[in-house]
């Protein structure tokens with residue numbers, strides 16, 4: 001996947017822009033933009049890509065993304081079938097961190113929002129199906145410009161107090177992927193996303209960047225603050241988490257489908273990255289889902 005820069009600034013120079021998107025499927029583009037993005041998925045399912053995170057998404061999820069954090073919501077295959085009557089619907093709010101002025105977030109009343117936006121550099125997933133908050137998102141659509149700004153601050157304040165959230169990326173991916181010395185590594189990121197299921201050889205990847213392996217390794221670590229092998233493993237484990245939650249495949253099948261050559265290495269990498277074994281990860285997810293729907 002090639003990484004694209006999109007301009008999400010409002011043409012009418014508004015501080016906050018609100019878009020109610022209703023399509024047959026979401027934009028199939030791996031992209032980033034300078035504006036923060038707050039989005040609620042109203043309809044559709046698929047796979048969410050945020051930095052190195054690859055997870056399934058469902059209706060009712062609320063996500064906050066920081067500046068320049070690469071992302072994409074890719075709908076399931078059935079949404080792209082010719083005769084599909086399915087619909088992808090979301091409300092997306094875009095704004096810059098200083099949309100209320102340079103000093104606004106430094107006021108005592110806004111400190112919690114300031115730290116919320118700081119966490120957003122890693123991508124934040126909040127509690128699913130918060131119907132009260134989703135209703136407030138829907139109100140944004142028909143508000144005038146002033147009311148949109150006030151309502152956005154209210155929503156951010158509510159999210160800042162929500163302790164039931166998940167950080168999607170292990171580290172701040174915004175600078176790591178975007179500010180990469182004139183995008184010298186763009187082809188490398190695209191290659192990894194398209195080939196992580198297969199064997200990836202450092203020498204081959206270095207050639208894509210027109211560098212020798214040692215120089216490439218130094219550059220990659222400098223830009224991403226992690227080794228190239230760790231980056232590849234994070235992509236593979238993110239994908240394996242998605243497969244686990246589908247509950248269609250055995251752990252052994254998922255190991256090889258995610259690009260690992262042996263089960264012991266897969267289990268080791270999985271626990272290093274997620275802090276759980278694959279079976280523990282799945283068990284915790286099932287337990288959490290049961291508790292959520294039994295309430």
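The values are calculated or read from the model by the stated rules, or taken from the named source; none is laboratory data. Note that the coordinates shown come from a computational prediction; the quantities given were computed from them, not determined experimentally. Glycine gets a Cβ as well: all are built from the backbone with ideal geometry, and neighbour counts include every protein chain shown.
Some notes on this structure:
- Set side by side, the residues 128, 103, 145 differ, and just one is in the same structural domain as residue 24 (by TED's automatic domain parsing) and without any contact (Cβ under 8 Å) to a residue 40 or more places away in the chain, which is 103.
- Residue 61 meets the conditions (1) out of contact with any helix residue (DSSP H, G or I) (no Cβ under 7 Å at 6 or more places or on another chain); (2) surrounded by 17 or more Cβ atoms within 10 Å (Cβ to Cβ); (3) more than 20 Å from residue 140 (Cβ to Cβ) in every case but one. The failed one is (3).
- Filter pass, residue 41 being in the same structural domain as residue 153 (by TED's automatic domain parsing), closer than 20 Å to residue 21 by Cα, touching a helix residue (DSSP H, G or I) at 6+ places or on another chain (Cβ under 7 Å) and at pLDDT 95 or above: no
- A residue that is touching a strand residue (DSSP E or B) at 6+ places or on another chain (Cβ under 8 Å), within 30 Å of residue 197 (Cα to Cα), touching a residue at least 40 places away in the same chain (Cβ under 8 Å) and not in a strand (DSSP E or B) occurs nowhere in the stretch 91-100.
- Test: residue in the stretch 154-173 that is modelled with pLDDT under 90 and assigned to a helix (DSSP H, G or I): yes
- Residues of the stretch 10-26 classified as surrounded by 15 or more Cβ atoms within 10 Å (Cβ to Cβ) and part of a loop (DSSP other than H, G, I, E, B), total: 5
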